[in-house]
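Accompanying notes for the structure given below.
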Amino acid sequence: MSALEAELRAELGAMGEAGTLKRIPVLSSPQGPTVQIQGHGEVLCLCSNDYLGLANHPQVVAAGAEALARYGAGTASVRFICGKFVPHVELEHDLAAFAGTESALTYVSCWNANAAVLDALCDARTAVFSDRLNHASIIDGIRLARPAHKAVYEHADPDELRRALAAAPATERRLIVTDGVFSMEGDLAPMPELAAIAAEHDATLIVDDSHGLGVIGETGRGVLERFDLIGRGDVVLTGTLGKALGGAAGGFVAGGEGLCAVLEQRSRPQLYSNGLPPSVAASARRALTELRDNPALVGRLRRNTEAMRAAIAATGLEPLAGESAIVPIIVGETATAIRISARLLELGVYVTGFGYPVVPEGTARVRVQVSAALEPAQLERAAGALAQAAAELGLLGDPATR
Ligand SMILES: Cc1ncc(COP(=O)(O)O)c(C=O)c1O
């Protein structure tokens, strides 16, 4: 065994002893309100991002299958070398209509979309202002993009952002970057304030609404819809197609025609990485159509989330407040979060525990994610299992004496 391999195995052993090693279940069914997990059988799933239950929707799957038959497995090259496919053009058209922007451009992931837009827009004239709890793809994207100036403001704190802008050197271009819905907290960015500050400072506001699309706003257009900001101000939207919008994979940037054209010309993931497989573009487009034609799905998700929050609160656990479909419950240590999720799986409920380094030390949590596809009885059962697991680990009093 090489010295490197031995060192890495020792690291894994130490994680195992500390109880922080993640054991990743193997699914043998599609994603959905229930999933088959090898060794556990059928369990309720409250940890996927399949917020609208579209990942296994018959028409979404059929659209992907038809495109697979028609266009083959994939693009076999990057777009500028070997062309884009009809499903890309159709999806990008529909994404722009959904986002209320002039244009949209797809990538194989939102990670790539964030990296692309930050890299393309950051130069020696650019200052970037980023929320402390932004997604890792934004944090890494800014690191790689190396803008002239960068400031990280306290989470969801407009006053801190104002101070950071006032303290920054005068640059020609300013970018304010935020998640729309924060993935580990489930809270929403203070969009009206951020939009106002961006306007005051002539800055572009970049919003990654991966967890808000399909979830937030009357028709699921995310935080920009929720705060009546669609089509207003200098806003660029990024998002994933791997969550509510079909659950397969892919990401996009939506904004001005010039922005998307420049990104297509020179953003690095466009130039050096294959385009989205046409089958994935087609299934995502069908998911978007489903959302457009059936916005009641968003209402159902909202009611399910409210019911789940209430059911959890009734057990004595205290989830973080918020209006997204992410309901985190802080439990402290990483090992505790992992033990709860392991126990939940034994109880037939799949909910994931998150610890360091995904969240700061001491703030490990179980993150319940709600789907429109879950039935009320399933939500009740999940809340009951959560209470049982928490009580067994001493996080709640004895259920009999509560
Ligand atoms: C806020 C946010 N942005 C970006 C991503 C990355 O999305 P993708 O899986 O499409 O790369 C995620 C996924 O976890 C996310 O939560």
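The values are calculated or read from the model by the stated rules, or taken from the named source; none is laboratory data. Keep in mind it's a predicted model, so treat the numbers as computed, not measured. Note that each Cβ is placed from the backbone with ideal geometry, even for glycine, and that neighbours are counted across all protein chains shown. Only protein heavy atoms, including side chains, enter the accessible area calculation; ligands, DNA and RNA are left aside. Shrake-Rupley method; radii C 1.70, N 1.55, O 1.52, S 1.80 Å.
Descriptive notes on the structure:
- Residue among Leu194, Leu12, Leu347 with the largest mean-square fluctuation in a Gaussian network model of the chain, springs linking Cα atoms under 10 Å: Leu12
- Within the accessible area of the stretch 58-293 (1.4 Å probe), percent carbon and sulfur: 51 percent
- Considering only alpha-carbon pairs that sit under 8 angstrom and 6 or more positions apart, the relative contact order computed for the chain is 22 percent.
- Amide H contacts of Phe354 (H built 1.01 Å from N, in plane; Pro and chain starts excluded): Arg365, Val366, Arg367 sit under 5 Å, all sequence-distant by 5 or more or on other chains.
- Area accessible to solvent at Leu345, 1.4 Å probe radius, in Å²: 20 Å²
- Structure remark: mean-square fluctuation, Gaussian network model of the chain, C-alpha springs under 10 Å; the largest value among Ala284, Ala14, Ala335 belongs to Ala14.
- Relative contact order (%) - criterion: Cα under 8 Å, at least six apart; region: the stretch 1-93: 13 percent
- Three semi-axes of the equivalent ellipsoid, the stretch 58-293, Cα gyration tensor, whole Å, largest first: 30, 20, 14
- CD proxy at 222 nm, helix term only [per DSSP H run n ≥ 4: -39500 (n - 2.57); per residue of the chain; nearest 500]: -13500 deg cm²/dmol
- Net charge contributed by nearby residues that have their C-beta within less than 12 Å of Glu66 (K/R +1, D/E -1): +3
- Taking each residue as 0.36 nm, the span from Glu218 to Tyr356 lengthens on full extension beyond its C-alpha to C-alpha distance by 46.2 nm.
- Of Leu259, Leu91, the residue with the largest accessible area leads and the full order is Leu259, Leu91 (1.4 Å probe).
- Charge dipole of the stretch 1-90 about the Cα centre (unit charges at C-beta), most positive-ward option of Cys45, Ile81, Leu12: Ile81
- Straight-line reach from Lys22: taking Cα to Cα under 18 Å and skipping same-chain neighbours fewer than 8 places apart, no lysines fall in range.
- Net charge in the neighbourhood of Glu17 (other residues with Cβ under 15 Å of its Cβ; Lys, Arg +1, Asp, Glu -1) is +2.
- J(HN,Hα) series, the stretch 337-349, from Karplus relation 6.51 cos²θ - 1.76 cosθ + 1.60, nearest Hz, glycine and proline x: 4, 5, 5, 4, 5, 5, 5, 4, 4, 4, 8, x, 10
- Mean separation of Cα pairs under 8 Å and 6 or more residues apart, divided by the residue count, gives the stretch 23-68 a relative contact order of 27 percent.
- Net +/- balance of residues flanking Glu92 in space, Cβ distance below 15 Å, scoring K and R +1, D and E -1: -1
- Surface accessible to a 1.4 Å probe, per residue, for the residues of the stretch 58-293, Å²: 41 Å²
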